[in-house]
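Following: one structure in structure tokens, then a few remarks.
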Ligand code: PMP
Ligand code: GLN
């Protein structure tokens with residue numbers, strides 16, 4: 001049979017997350033691959049979802065999302081970042097950040113346009129750019145003094161006459177970088193100078209460590225008017241299975257992105273919208289406890305990975321650690337990730353798959369630390385046997 005999949009999707013097989021989680025199940029390994037927490041959300045959030053179902057929030061909600069969630073998102077952006085959005089025209093709800101990003105790219109980028117992405121990039125970016133018939137232009141993040149960053153000249157050099165948009169993920173998965181104000185100023189200057197749309201992925205907005213601070217790109221001079229900001233509840237409230245996200249942007253962008261989104265899924269599960277509205281308004285303290293506990297887990301995992309012989313890049317945000325595998329004598333992260341269950345009973349993500357320049361990323365793999373302490377401890381004990 002001839003390959004039924006359209007040409008532009010042929011480079012995309014099963015996602016690495018699905019492949020590696022299946023491998024973990026098949027081999028009974030500890031799964032530090034796909035990023036999902038192994039402990040539950042706040043009780044109040046669970047109760048809110050159950051109550052929403054019981055009280056009848058079970059039919060189609062409005063296309064742009066429940067007013068109470070749009071209001072909660074607007075209030076959160078205002079309170080946390082001083083960004084003001086009209087809940088009626090500048091906020092709408094999506095099936096996770098993933099659908100927000102997909103809708104934004106499909107709505108704002110013409111076939112043949114170029115989209116800048118920082119590599120390693122989250123896997124769905126490449127796929128939706130391809131679906132849009134657009135071309136991705138990677139700008140590589142490289143470790144400088146233990147932290148992944150970009151070279152401003154490389155960013156500027158990546159812009160061409162067809163560049164339309166830039167995708168900016170901070171806190172960054174998988175590099176763990178939280179862009180500084182100076183880095184964001186560089187990005188903003190490029191956007192202003194070349195009239196680019198910025199699409200931001202802020203799903204780890206609450207998960208920053210030490211003195212790293214999440215600064216939305218939209219707060220920089222001249223950026224609110226050209227930025228489509230995207231976030232979701234999954235990471236902040238430990239509900240990755242709820243797939244409830246949101247977009248904030250000036251009304252014309254919201255109308256454009258909403259035009260696409262309405263034909264992808266029309267709307268988003270009503271009960272989860274209610275529960276997420278509750279979470280945004282009431283669970284800030286719970287999220288702060290999560291953040292603190294993740295910072296301790298980060299340190300626990302980094303210490304263990306270093307003891308096992310990896311070079312570990314201590315992340316400023318997210319719940320992932322990138323490691324360099326070469327000190328242990330390995331050179332190919334994909335090979336190592338596939339062999340790791342047998343070698344050590346642990347699953348990780350080879351971040352090479354998030355690079356266009358595969359040789360730049362070949363020697364990195366990513367471990368997740370959103371897991372119980374005893375799971376992290378057992379994993380690093382097993383990894384210590386790799387030497
Ligand atoms: N962006 C990044 C960087 C992520 O790590 C994830 C994680 N799952 C997503 C987007 C998707 O978020 P959601 O589950 O809300 O679609
Ligand atoms: N965002 C999660 C990660 O990076 C997984 C998301 C997914 O499975 N698609 O691990």
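The table below gives the values:
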| quantity | calculated |
| --- | --- |
| Selection from region 342-387 of residues that are surrounded by fewer than 18 Cβ atoms within 10 Å (Cβ to Cβ) and within 16 Å of ligand 2 (Cβ to nearest atom) | 375 |
| Verdict on residue 80 being surrounded by fewer than 20 Cβ atoms within 10 Å (Cβ to Cβ) and modelled with pLDDT of 95 or more | yes |
| Counted residues, region 10-45 - those being surrounded by 12 or more Cβ atoms within 10 Å (Cβ to Cβ), in a loop (DSSP other than H, G, I, E, B) and away from ligand 2 (no atom under 16 Å from the Cβ) | 2 |
| Within region 170-199, considering residues that are within 16 Å of ligand 2 (Cβ to nearest atom) and either in contact with a helix residue (DSSP H, G or I) (Cβ under 8 Å, 6 or more places away or on another chain) or modelled with pLDDT under 95 (or both), the one nearest to residue 103 (Cα to Cα) | 170 |
| Residue match in region 191-201 (condition: touching a residue at least 40 places away in the same chain (Cβ under 8 Å), in a loop (DSSP other than H, G, I, E, B) and over 19 Å from residue 315 (Cβ atoms)) | yes |
| Whichever residue in region 236-253 is touching a strand residue (DSSP E or B) at 6+ places or on another chain (Cβ under 6 Å) and over 20 Å from residue 80 (Cα atoms) and, among such residues, is nearest to ligand 1 (Cβ to nearest atom) | 243 |
| Residue 239 touching a helix residue (DSSP H, G or I) at 6+ places or on another chain (Cβ under 7 Å) and either assigned to a strand (DSSP E or B) or buried (at least 20 other Cβ atoms within 10 Å of the Cβ) (or both) | yes |
| Test: residue in region 46-58 that is surrounded by 17 or more Cβ atoms within 10 Å (Cβ to Cβ) and within 16 Å of ligand 2 (Cβ to nearest atom) | no |
| Filtered residues of region 128-147 (kept if in a helix (DSSP H, G or I), within 16 Å of ligand 1 (Cβ to nearest atom) and either without any contact (Cβ under 8 Å) to a residue 40 or more places away in the chain or crowded, with 19+ Cβ neighbours inside 10 Å (or both)) | 128, 129 |
| Unique residue being touching a helix residue (DSSP H, G or I) at 6+ places or on another chain (Cβ under 8 Å) and at negative phi when the list is 312, 284, 339 | 312 |
| Meets criteria (more than 20 Å from residue 260 (Cβ to Cβ), touching a helix residue (DSSP H, G or I) at 6+ places or on another chain (Cβ under 6 Å) and in a loop (DSSP other than H, G, I, E, B)) for residue 87 | yes |
| From 261, 297, residue being surrounded by 17 or more Cβ atoms within 10 Å (Cβ to Cβ) and in contact with a strand residue (DSSP E or B) (Cβ under 9 Å, 6 or more places away or on another chain) | 261 |
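The values are calculated or read from the model by the stated rules, or taken from the named source; none is laboratory data. As the structure is a prediction and not an experimental result, all values here were calculated from the model. Don't worry about glycine lacking a Cβ; one is built from the backbone with ideal geometry, like all the others, and counts go over all protein chains shown.
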